[in-house]
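J.: Encoded as structure tokens, here's the structure I'll be asking about.
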Amino acid sequence: MHSETSPGASRRLQAVFWDMDGTLVDTEPYWIASEYELVAAHGGSWSDEQAHSLVGQALTHSAAVLQRAGVDLSVRQIIDHLIGQVVERVREQMPWRPGARELLEDLHSAGVRCALVTMSEGPLAREVVAALPEGRLEFVVSGDMVSRGKPDPEAYHVAFERMAADHPEPLERGRCLAVEDSVPGTAAAADSGIVTLAVPHMSPLPESGRWHTLPTLRGLDADGLDQLISVAPGSAIGSLARP
């Protein structure tokens, strides 16, 4: 239950929407390894440049690119194969990003609600959510739940409306934060009107007046995110990390 008297009631920050691959968990190497193996099995060629171009993209887009690289399977077959491979790998070792679980825990303690917004599909998203304490991520909006994947903002609109339907106070986009790591994901979050924090990982991100950029989540807490939604991207702010 969430009440008006929860620790988060005095904060400006109302909710945080988390990307998954590359933001919450470092699964991108798992995806890339699976892509290399799949293309090689079909006699095609693959490169790091091609792999990095798929980071943050909708899986249907990625599957079409893999088809052009020589994979003789349907889009659905490619998606199912890649997800199956990545699920196997995360079951062996869940690769949490630095500071991600700690920030989730602090947000939970502060009464700030969180949800997952990912272009991965349900089976992988459920594995990640299940590896966390119950209630840390309240729900998932995954790539198989929307008609247009990132960089389209549809997934963030869906997540915002779902959170708003069960929030104790009117939800405001300017009081919510999205955490992303890729160009498509950051664009999707910013275009949704939700305040966006970019934490680049596998691919560089351009500086922009449309989102905040930090090098890591390590040491970041609910108070730090509260500062971020209170200032314009690019504004000078003090240290956001816990001492």
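J.: Summing Lys, Arg as +1 and Asp, Glu as -1, what charge do residues with Cβ under 12 Å from the Cβ of V25 carry, V25 excluded? Write down the numbers at each step before the final one.
T.: Details: positive: R89, R97, R101; negative: D19, D21, D26, E28, E127, D181.
Neighbour charge sum, excluding V25 itself: -3.
J.: Rounded, prolate or oblate: which fits region 41-81 when a ≥ b ≥ c are the square roots of the eigenvalues of the alpha-carbon gyration tensor, with rounded for a/c under 1.5 and prolate only if a/b beats b/c? Don't skip to the end; give the middle numbers.
T.: On the way: a/c = 2.17, a/b = 1.07, b/c = 2.02.
In terms of gyration-tensor shape, oblate.
J.: For the chain, which whole percent of the accessible surface, found with a 1.4 angstrom probe, sits on carbon and sulfur atoms? If you can, show how the numbers build up before the last one.
T.: Working: 5340 of 10640 Å².
That fraction is 50 percent.
J.: Skipping prolines and chain starts, which residues have an amide H placed within reach, meaning under 5 Å, of the one on A178, given they are 5 or more residues away or on another chain?
T.: Hits under the 5 Å cutoff: F17, V195, T196, L197.
J.: Give a residue-ordered list of calculated ³J(HN,Hα) values for region 106-122 (Karplus: 6.51 cos²θ - 1.76 cosθ + 1.60, θ = phi - 60°; whole Hz; x for Gly, Pro).
T.: 5, 4, 4, 4, 7, x, 8, 7, 10, 9, 9, 10, 9, 8, 5, 9, x
J.: Could you pull the accessible area for M94 with a 1.4 Å probe, rounded to 10 Å²?
T.: In the full protein context, M94 sits at about 40 Å².
J.: Starting from 0.36 nm per residue, how many nanometres of slack lie between E102 and D166 once their C-alpha separation is accounted for?
T.: Values: separation 64, 0.36 × 64 = 23.04 nm, distance 2.49 nm.
Extra length from E102 to D166 when fully extended: 20.6 nm.
J.: Going by Cα centres, region 154-182 and region 217-235 are how many Å apart?
T.: 17 Å
J.: Now, a different point. Can you tell me the orientation of helix 154-165 relative to the chain, as the angle in degrees between its alpha-carbon axis and the longest Cα principal axis, to the nearest 10?
T.: So the inclination is approximately 40 degrees.
J.: Positive end of the dipole of the chain, charges at C-beta (+1 Lys, Arg; -1 Asp, Glu), about the Cα centre: which of H42, A63, L228 has its Cα farthest in that direction?
T.: About the Cα centre, the residue reaching furthest to the positive side is L228.
J.: Now a separate question. Where both partners of a DSSP beta bridge lie in the chain, what percent of those bridges are antiparallel, to the nearest 5?
T.: Numbers: 2 of 19 bridges.
Bridges in the chain are about 10 percent antiparallel.
J.: Pop out the ³J(HN,Hα) list for region 219-234 in order, Karplus 6.51 cos²θ - 1.76 cosθ + 1.60 with θ = phi - 60°, rounded to Hz; leave Gly and Pro as x.
T.: With the stated coefficients, region 219-234 comes to x, 7, 9, 4, 5, x, 5, 4, 5, 5, 6, 9, 10, 6, x, x Hz.
J.: Please get the size of the charge dipole for the chain, origin at its Cα centre, with Cβ charges of +1 on Lys and Arg and -1 on Asp and Glu, quoted in debye to the nearest 20. All intermediate terms of the calculation are to be shown ahead of the outcome.
T.: Values: 19 positive and 34 negative charges, 68 e Å.
For the chain, the charge dipole is close to 320 debye.
J.: Taking K and R as +1 and D and E as -1, what net charge do the other residues with C-beta under 14 Å from the C-beta of P133 add up to?
T.: Working: positive: R101, R136; negative: E102, E105, D106, E134, E138.
Cβ neighbours under 14 Å give a net charge of -3.
J.: Given a Förster distance of 22 Å, report the FRET efficiency between V158 and R76 from their Cβ-Cβ distance, rounded to the nearest 0.05.
T.: Values: r = 22 Å, r/R0 = 0.99.
Plugging the Cβ-Cβ distance into 1/(1 + (r/R0)^6) gives 0.50.
J.: Now for a different question. Can you list residues whose amide H is under 5 Å from T213's amide H, if they're 5+ apart or on another chain and H is modeled 1.01 Å from N?
T.: Placed amide hydrogens put A198, G234 under 5 Å from T213.
J.: Take the chain, connect every pair of alpha-carbon atoms lying under 10 Å apart with a spring to form a Gaussian network, then pick out the residue of P170, P200, P123 with the largest mean-square fluctuation.
T.: P170
J.: How big is the C-alpha Rg of region 50-136 next to the rule-of-thumb value 2.2 N^0.38 Å, as a ratio? Provide the component values of the computation, followed by the final result.
T.: Numbers: Rg = 15.5 Å, N = 87, 2.2 N^0.38 = 12.0 Å.
This ratio for region 50-136 stands at 1.29.
J.: Another question, then. Among rounded, prolate and oblate, which fits region 17-70 when a ≥ b ≥ c are the square roots of the eigenvalues of its C-alpha gyration tensor, a/c under 1.5 means rounded, and a/b larger than b/c means prolate? Walk me through the numbers on the way to the answer.
T.: Working: a/c = 2.60, a/b = 1.84, b/c = 1.41.
Because a/c hits 1.5 or more and a/b exceeds b/c, region 17-70 counts as prolate.
J.: Near A110, within a Cβ-to-Cβ distance under 11 Å, what is the net charge of the other residues, with Lys and Arg +1 and Asp and Glu -1? The partial results should precede the final answer.
T.: On the way: positive: R11, R113; negative: E105, D106, D221, D223, D226.
Net of charged neighbours comes to -3.
J.: Using a 10 angstrom cutoff on alpha carbons, build the Gaussian network for the chain and name the most mobile of V140, V65, V195.
T.: Its mean-square fluctuation being the largest, the pick is V65.
J.: Assign one of three labels to region 100-170, namely rounded, prolate or oblate, based on the Cα gyration tensor with a ≥ b ≥ c the square roots of its eigenvalues; rounded applies when a/c is under 1.5, prolate when it is not and a/b is larger than b/c, and oblate otherwise. Provide the component values of the computation, followed by the final result.
T.: Details: a/c = 2.18, a/b = 1.25, b/c = 1.75.
Verdict is oblate for region 100-170.
J.: Related question: What does the accessible area per residue of the chain come to in Å², with a 1.4 Å probe and no ligands, DNA or RNA counted?
T.: The answer is 44 Å² per residue.
J.: Follow-up question, since we're still on this one. In the full protein assembly as shown, how much of S109 is accessible to a 1.4 Å probe, in Å² to the nearest 10?
T.: 80 Å²
J.: Tell me what the chain gives for mean residue ellipticity at 222 nm when only DSSP H runs of n ≥ 4 count, each as -39,500 (n - 2.57), the sum divided by the residue total, rounded to 500 deg cm²/dmol. Walk me through the intermediate numbers first.
T.: Values: 9 runs with 97 residues, N = 243.
-12000 deg cm²/dmol, from helical runs alone.
The values are calculated or read from the model by the stated rules, or taken from the named source; none is laboratory data. Since the structure is predicted, the reported quantities are computational estimates derived from the model, not experimental observations. All Cβ positions, glycine included, derive from the backbone under ideal geometry; neighbour counts span all protein chains shown. Quick note on the areas: whole protein, heavy atoms, side chains included, nothing else; ligands and nucleic acids left out. Shrake-Rupley method; radii C 1.70, N 1.55, O 1.52, S 1.80 Å.
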